[in-house]
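This report concerns only the one structure given below.
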């Protein structure tokens, strides 16, 4: 459990990063290929929304694989949540999504990253743009915002392939219904249900000013998804007049948006 | 076989774990100035290559190498001759 | 001493059934072909490509693509080993051996003991000449019968398969002979100067 004291925390010295043991308490199925792992990490010191962890798996023959995953849970929660999408031919993601069970363990180190971080101490409207599993760190931000009952405006633009691929769908619906200051706009890029009221197709340069904050509102913008997604969206934002320094990006490996 | 390497290009955020073994203050939010083109950016926004061998961090404007880091069994290496400064 | 915890049920997808004498210590066999680059993939047009052999300030030889393709071609089947622990068995490469390059510039003996490979994008690696002659090294232009893909070093890469694969420099453009050894890109940042996978020479100090 962590208490966020000040906005300056992101620049504060970091405790030495060491590998710790993470034990799986519970596994939550988010979609047909995405699961959230709820972890008990022995000496967890807390984290800021947007940070990630490195995890390391060791096989019996000594083979090791290491990957990074964003923390999807807010600092207010006791268990650490990592949301993992099964990637085709992904040796780690396939293990985590298909084989891992409650009670299993692996090594973890973190929290890592101070650049791609947002807390309620940051002023200004919050604009989150997610591509596929890029929603994970942004969900930590939204969950933190909800726990803290922040009233400042927030918008999530979330691109997924189809409705079945939307991660945290019910939770996002509930959050938006319960909070007049939060808007959630879904873009479905490949398959849309009949009578789809959200955006059809990719998040494009037309949708951004239509749905988003104008540059004059100085929103803090966070974009997370695959490299092409992040590059396209951040380029559009800058072309639309948003201050490049107000746009923070994090690129994920292969993902489905 | 993966043909398109650019999809796999991550950013300095992904090198956070490796770099944080070396730096005391938080590194991904530090500002770094490129010796080659003079642009300044947060380390977390640099283009990360060769992550499996260490980290090669390149300027997002000119692709010049700003930082290289390797963690070996015998110690950690850091080279930053492509950067004018780091500001925390 | 901290014992690394085992993750139940995690197995590498790398095959278990491999002859031990084919796989160096610490390596795991893979059937895919991971891409690892120190920088963006250069987009090289063969019409603009050339390759040179240098000694000090002298140019020993230079070939454009057509000229290079006209040199004697050799095909080899070999295993490759990456320092990041994957090994790939029975890979087929075609190109011009180092021996044939020396013959092409009229040299019976290599003019110096070491070379530095210089590549598009700025990558470098150093190799002793003794590890290139006698068929041990080539400039490869085909992988599995097809032109090498840009992400894998095409149009031409150095191939020195008995050393860790970072020595098989992608996008090679120039081989510079050196009297004294100098460290290349990874060798100057903690990696082993020589890189014999059978002695597990991954890092400087191994």
Practice item. Pairs only if they're at least six apart or on different chains, beta carbon under 9 angstrom, first in region A:10-24 and under 22 Å from residue A:115 (Cα atoms) and more than 9 Å from every other protein chain (Cβ to nearest Cβ), second outside any helix (DSSP H, G or I) and at pLDDT below 90; list them, first residue then second. Key: A:18/A:43
Check your understanding: Can you name the residue in region C:169-183 that is buried (at least 23 other Cβ atoms within 10 Å of the Cβ) and within 14 Å of another protein chain (Cβ to nearest Cβ) and, of all such residues, is farthest from the chain's Cα centre (by Cα)?
Key -> C:171
**Study point:** Candidates C:103, C:136 - the one that is more than 14 Å from every other protein chain (Cβ to nearest Cβ), within 19 Å of residue C:164 (Cα to Cα) and either part of a loop (DSSP other than H, G, I, E, B) or free of Cβ contacts under 8 Å to residues at least 40 places away in the same chain (or both)
**Key:** C:136
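Okay, residues lined up against (1) modelled with pLDDT of 95 or more; (2) farther than 28 Å from residue C:191 by Cα:
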residue: C:43; (1), (2): no, no
residue: C:67; (1), (2): yes, yes
residue: C:74; (1), (2): yes, yes
residue: C:77; (1), (2): yes, no
residue: C:83; (1), (2): yes, no
residue: C:89; (1), (2): yes, no
Study note, to complete from the structure: Across region B:7-37, the tally of residues that are farther than 20 Å from residue A:228 by Cβ and either surrounded by fewer than 23 Cβ atoms within 10 Å (Cβ to Cβ) or facing chain A (nearest Cβ under 7 Å) (or both) stands at 19
Check your understanding: Is there a residue in region A:237-247 that is in a helix (DSSP H, G or I), surrounded by fewer than 22 Cβ atoms within 10 Å (Cβ to Cβ) and more than 14 Å from chain B (Cβ to nearest Cβ)?
Key -> yes
Revision key, fill the gap. Residue C:93 vs (1) farther than 17 Å from residue C:153 by Cα; (2) touching a strand residue (DSSP E or B) at 6+ places or on another chain (Cβ under 8 Å); (3) away from chain B (no Cβ under 14 Å): all pass except (1)
Exercise for review: Among residues belonging to region A:114-132 that are away from chain B (no Cβ under 14 Å) and within 15 Å of the chain's Cα centre (by Cα), point out the one that is surrounded by the most Cβ atoms within 10 Å (Cβ to Cβ).
Suggested key: A:129
Exercise for review: Output the residues belonging to region A:164-185 that are part of a helix (DSSP H, G or I), surrounded by 15 or more Cβ atoms within 10 Å (Cβ to Cβ) and under 16 Å from the mean Cα position of the chain (by Cα).
Suggested key: A:165, A:169, A:172, A:175
Point to revise | Sole exception among (1) within 12 Å of another protein chain (Cβ to nearest Cβ); (2) more than 21 Å from residue B:76 (Cα to Cα); (3) without any contact (Cβ under 8 Å) to a residue 60 or more places away in the chain for residue C:206, by number | key: (2)
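Between A:201, A:225, which is within 20 Å of residue A:131 (Cβ to Cβ) and either over 20 Å from the mean Cα position of the chain (by Cα) or without any contact (Cβ under 8 Å) to a residue 24 or more places away in the chain (or both)? Give the derivation first.
Details: A:225 fails: either over 20 Å from the mean Cα position of the chain (by Cα) or without any contact (Cβ under 8 Å) to a residue 24 or more places away in the chain (or both).
So the residue among A:201, A:225 that is within 20 Å of residue A:131 (Cβ to Cβ) and either over 20 Å from the mean Cα position of the chain (by Cα) or without any contact (Cβ under 8 Å) to a residue 24 or more places away in the chain (or both) is A:201.
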Practice item. Being touching a helix residue (DSSP H, G or I) at 6+ places or on another chain (Cβ under 8 Å), at pLDDT below 95 and over 16 Å from residue A:34 (Cβ atoms) narrows it down to one of A:227, A:249, so name that one. Key: A:227
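Which of the following residues is within 10 Å of chain A (Cβ to nearest Cβ), more than 18 Å from the chain's Cα centre (by Cα), modelled with pLDDT under 90 and part of a loop (DSSP other than H, G, I, E, B): C:12, C:7? Break it down into steps so the answer makes sense when it comes.
On the way: C:7 fails: modelled with pLDDT under 90.
Residue meeting the stated conditions: C:12.
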Check your understanding: residue B:46 fails exactly one of the following numbered conditions: (1) facing another protein chain (nearest Cβ under 9 Å); (2) within 18 Å of residue A:51 (Cα to Cα). What is the number of that condition?
Key -> (1)
Point to revise | Those strands (runs of 3 or more DSSP E) lying entirely in region A:56-163 with at least 1 residues closer than 26 Å to residue B:51 by Cα | key: A:64-70, A:80-85, A:105-112, A:126-131
Practice item. Look at residue A:72 and say whether it is away from chain B (no Cβ under 14 Å) and surrounded by 21 or more Cβ atoms within 10 Å (Cβ to Cβ). Key: yes
Exercise for review: Being without any contact (Cβ under 8 Å) to a residue 12 or more places away in the chain and farther than 30 Å from residue C:143 by Cβ narrows it down to one of B:41, B:73, so name that one.
Suggested key: B:73
Review point. Can you find even one residue in region B:57-69 that is more than 9 Å from chain A (Cβ to nearest Cβ), closer than 21 Å to residue A:55 by Cβ and in contact (Cβ under 8 Å) with a residue 40 or more places away in the chain?
Key: yes
**Study point:** Hits in region C:59-93 - residues which are part of a loop (DSSP other than H, G, I, E, B) and within 18 Å of residue C:20 (Cβ to Cβ)
**Key:** C:85
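The values are calculated or read from the model by the stated rules, or taken from the named source; none is laboratory data. In this text, all values refer to a predicted model and were calculated from it rather than measured experimentally. Note: ideal-geometry Cβ built from the backbone for every residue, glycine included; neighbour counts use all protein chains shown.
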